[in-house]
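Visitor: First the structure, which I've put down as structure tokens, then a few questions once you've had a look.
The values are calculated or read from the model by the stated rules, or taken from the named source; none is laboratory data. What you are looking at is a predicted structure, and each value in this text was computed from that prediction instead of being measured. Glycine also receives a Cβ, built like all others from the backbone with ideal geometry; neighbour counts cover every protein chain displayed. Accessible surface areas use protein heavy atoms only, side chains included; no ligands, DNA or RNA. Shrake-Rupley method; radii C 1.70, N 1.55, O 1.52, S 1.80 Å.
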2 protein chains.
Amino acid sequence: MKIDVKQCAAILSEKDNILILTHAHPDGDTLGCGFALCRALMKMGKICAVINADKIPEKYSYLYEDIAPIRFKQDFVVAVDVATPNLLGELDGKYHIDLCIDHHSSNTEYADNWLLEDVPAACQLMFEIIKELGVDIDKKIAQCLYTGLTTDTGCFRYDSTTAATYRAAAELIELGADNGRINRIMFETKSKTYARLERLALESMRFYENERVAIITVTQDMYKLTGSNEQETEALAPLTRQIEGVEVGITIREKSDATCKASIRTFETVNAAKLAKEFGGGGHAQAAACRFDCDVKEARRRLVEKCTEILNAAKED
Amino acid sequence: MKIDVKQCAAILSEKDNILILTHAHPDGDTLGCGFALCRALMKMGKICAVINADKIPEKYSYLYEDIAPIRFKQDFVVAVDVATPNLLGELDGKYHIDLCIDHHSSNTEYADNWLLEDVPAACQLMFEIIKELGVDIDKKIAQCLYTGLTTDTGCFRYDSTTAATYRAAAELIELGADNGRINRIMFETKSKTYARLERLALESMRFYENERVAIITVTQDMYKLTGSNEQETEALAPLTRQIEGVEVGITIREKSDATCKASIRTFETVNAAKLAKEFGGGGHAQAAACRFDCDVKEARRRLVEKCTEILNAAKED
């Protein structure tokens, strides 16, 4: 059942022993959302915890380092910033999901109750929910929410960022969010291993369709060579689209099981979610992802083929 | 005389035939300020114009392209975002400056009346002044002001960005500023030639002093290979310092006369201006520059030698 912010807060207020699920390959928005909600519920005297399938990158440690891990039998399960259950990774299928709070238009409405709003970051929605819960928003909660806002908007850069997003950021700064420090961690710091990976990734970049499509390919060998890992590939996705004239930027990364995953970034001319959907994936109009059961070269070939179709179809319109 | 926003608006309301000066090597903040003020004064029925010493980069054309150039004898001169008269470049000394509107703490209070406030962008201050003037702020004015806010804060990233800056951005978006498009132009667009140059520059990066110093070298050959030029090297300077653990990031570029120039970026631990001064240069604590009468390799050797001295001296302190 679709619910609104008030109903969502009412449901959460009633429940206890709450398990919060974030998506696999956790980013700032899913983690910010999860830990902000966890902190708010803890302030209400409830037992709760955040779990996710993968290791949380070190740079997000300030979101949760003071929260002591606890074991409890959950009575209620919430998924935050999770468009479809399979994005839960290894947690998929392990829990009955009672409530889903999300901002992806590709959301499959998989929970008993779901709250879906068209905002650039799930944390913008979570901020409204926490206000509705009547919790006194402290610095730690503000840090979590600001982290989601800034990471999912590329530091308030993307087209999807609205006046309401900026206002939410202003409020969170007044509530104690350390915007300068958070943005430096998220956007101004490259690990040495990432810097090496980025160099190889840029070398792998190929252009197609009169340089309107740019594709980076990242292989397991590149992780070995650079000491980097898959988590560090997140920052590669925007690099392709930044180049003048590129309308579709794709980063394909090889998984350890020899399958691969593509992150697609586009401008208005091409719908990224539509392209991803052709391969069973999904996402937003300008940022989406899909998986392939083949190597990076074959995935690249299939993606280029589909891009050619889409760009040519657009020409004929 | 130091004045406040109300006094500033009162002075501007009284005057006509107003010439607005922006600083040399114009950036988004000085231009956004100048053209926002010009548009506001024009809406009040006044004659005014914006001038500056250098060619305005093409990417800022949306700020002014609909303003027809006019000739008139100025009765009042305003400098915006100009800390000292010598930053006017070739316009320095040509005009008596009646009013200065600025946000640099290094401002030398050179005008008859001056309005100085500690805000991250001069456009944040200009927004207050234009509101005080009672002008109906249209989309074009909002575009100008948003441009200054976003460029001087690195897209709302820097530490100096406050809740008030975010609120001003929210208001400007509601007034019509096309934030997505402006940020894309300012932060998401790399020319193909720059993208190629960046790749070679990253390949040239060398680390010294236990990877606390990172140096990029750019040669004339690299411009030839990539079709790029020296103007495009400006964006390279921050790349070195972004790498985790790097305290001194240097970009050395070969000039066409076989001399070279080094741009130094540091964090708190090393004073960039002091390092530059060792070679006859200067600048700010975290961003400075100097020149060398030798090739890039020799310049690199000299800089590394001095960095070693400075880092070792700091250790002994």
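Visitor: So which residues in region B:227-263 are more than 14 Å from chain A (Cβ to nearest Cβ), open to solvent by less than 30 Å² (accessible area, probe 1.4 Å) and among the small types (Gly, Ala, Ser)?
Guide: Correct list: B:Ala262, B:Ser263.
Visitor: Against the conditions (1) open to solvent by 30 Å² or more (accessible area, probe 1.4 Å); (2) farther than 20 Å from A:Thr219 by Cα; (3) out of contact with any helix residue (DSSP H, G or I) (no Cβ under 9 Å at 6 or more places or on another chain), where does A:Ala272 fall short? Just the number, please.
Guide: (1)
Visitor: Same structure again: Being more than 25 Å from A:Arg157 (Cα to Cα), in contact with a strand residue (DSSP E or B) (Cβ under 8 Å, 6 or more places away or on another chain) and among the polar types (S, T, N, Q) is the filter here; which residues of region A:243-281 pass it?
Guide: Matches in region A:243-281: A:Thr259 only.
Visitor: Any residue at all in region A:299-306 that's of a type in the set (Lys, Arg), open to solvent by 50 Å² or more (accessible area, probe 1.4 Å), over 17 Å from A:Asp27 (Cβ atoms) and modelled with pLDDT of 95 or more?
Guide: Yes: region A:299-306 contains one or more residues that are of a type in the set (Lys, Arg), open to solvent by 50 Å² or more (accessible area, probe 1.4 Å), over 17 Å from A:Asp27 (Cβ atoms) and modelled with pLDDT of 95 or more.
Visitor: Name the single residue that is most open to solvent (accessible area, probe 1.4 Å) among those in region B:275-292 being of a type in the set (A, V, I, L, M) and without any contact (Cβ under 8 Å) to a residue 24 or more places away in the chain.
Guide: Checked region B:275-292; the qualifying residue most open to solvent (accessible area, probe 1.4 Å) is B:Ala285.
Visitor: Quick test of your reading of the structure: B:Ala83 fulfils all but one of (1) among the small types (Gly, Ala, Ser); (2) assigned to a helix (DSSP H, G or I); (3) more than 14 Å from chain A (Cβ to nearest Cβ). Name the failing condition by number.
Guide: Checking B:Ala83 against (1) among the small types (Gly, Ala, Ser); (2) assigned to a helix (DSSP H, G or I); (3) more than 14 Å from chain A (Cβ to nearest Cβ), the one that fails is (2).
Visitor: Here is a list: B:Leu145, B:Leu125, B:Leu133. Which entry is in contact (Cβ under 8 Å) with a residue 60 or more places away in the chain, more than 10 Å from every other protein chain (Cβ to nearest Cβ) and open to solvent by 10 Å² or more (accessible area, probe 1.4 Å)? Write out each step before concluding.
Guide: Working: B:Leu145 fails: open to solvent by 10 Å² or more (accessible area, probe 1.4 Å); B:Leu125 fails: open to solvent by 10 Å² or more (accessible area, probe 1.4 Å).
Just one listed residue meets the conditions, B:Leu133.
Visitor: Among the numbered conditions (1) under 18 Å from B:Cys48 (Cβ atoms); (2) in a loop (DSSP other than H, G, I, E, B); (3) open to solvent by 20 Å² or more (accessible area, probe 1.4 Å), tell me where B:Ile97 comes up short.
Guide: (3)
Visitor: Which one of B:Leu145, B:Leu149, B:Leu125, B:Leu133 is of a type in the set (A, V, I, L, M, F, W, C) and in contact with a strand residue (DSSP E or B) (Cβ under 9 Å, 6 or more places away or on another chain)?
Guide: Matching residue, one of B:Leu145, B:Leu149, B:Leu125, B:Leu133: B:Leu125.
Visitor: So, one more: Out of everything in region B:160-172 that is among the hydroxyl-bearing types (Ser, Thr, Tyr) and surrounded by 21 or more Cβ atoms within 10 Å (Cβ to Cβ), what residue ends up being farthest from the other protein chains (Cβ to nearest Cβ)?
Guide: Applying the filter and picking the extreme gives B:Thr165.
Visitor: So is B:Gly154 in contact with an Asp or Glu (Cβ under 7 Å, 6 or more places away or on another chain), at the interface with chain A (Cβ under 10 Å from one of its Cβ atoms) and within 16 Å of A:Tyr166 (Cα to Cα) or not?
Guide: For B:Gly154, the condition - in contact with an Asp or Glu (Cβ under 7 Å, 6 or more places away or on another chain), at the interface with chain A (Cβ under 10 Å from one of its Cβ atoms) and within 16 Å of A:Tyr166 (Cα to Cα) - is not met.
Visitor: Now a separate question. Got a number for residues in region B:42-70 being in a helix (DSSP H, G or I) and either open to solvent by less than 40 Å² (accessible area, probe 1.4 Å) or touching a residue at least 40 places away in the same chain (Cβ under 8 Å) (or both)?
Guide: 6
Visitor: Considering each residue of region B:1-41, count those that are β-branched (Val, Ile, Thr) and open to solvent by 10 Å² or more (accessible area, probe 1.4 Å), and give that number.
Guide: Matching residues across region B:1-41 total 2.
Visitor: Just give me the residues in region A:269-281 being on the phi < 0 side of the Ramachandran plot and out of contact with any Asp or Glu (no Cβ under 8 Å at 6 or more places or on another chain), in sequence order. Spell out the reasoning first.
Guide: In the first step, residues of region A:269-281 are kept if they are on the phi < 0 side of the Ramachandran plot; the result is A:269-279, A:281.
Of everything in region A:269-281, those that are on the phi < 0 side of the Ramachandran plot and out of contact with any Asp or Glu (no Cβ under 8 Å at 6 or more places or on another chain) turn out to be A:Asn271, A:Ala272, A:Ala273, A:Lys274, A:Leu275, A:Ala276, A:Lys277, A:Glu278, A:Phe279, A:Gly281.
Visitor: Of all residues in region B:173-226, count the ones that are more than 10 Å from chain A (Cβ to nearest Cβ), open to solvent by 30 Å² or more (accessible area, probe 1.4 Å), in contact with a Lys or Arg (Cβ under 7 Å, 6 or more places away or on another chain) and without any contact (Cβ under 8 Å) to a residue 60 or more places away in the chain.
Guide: 0
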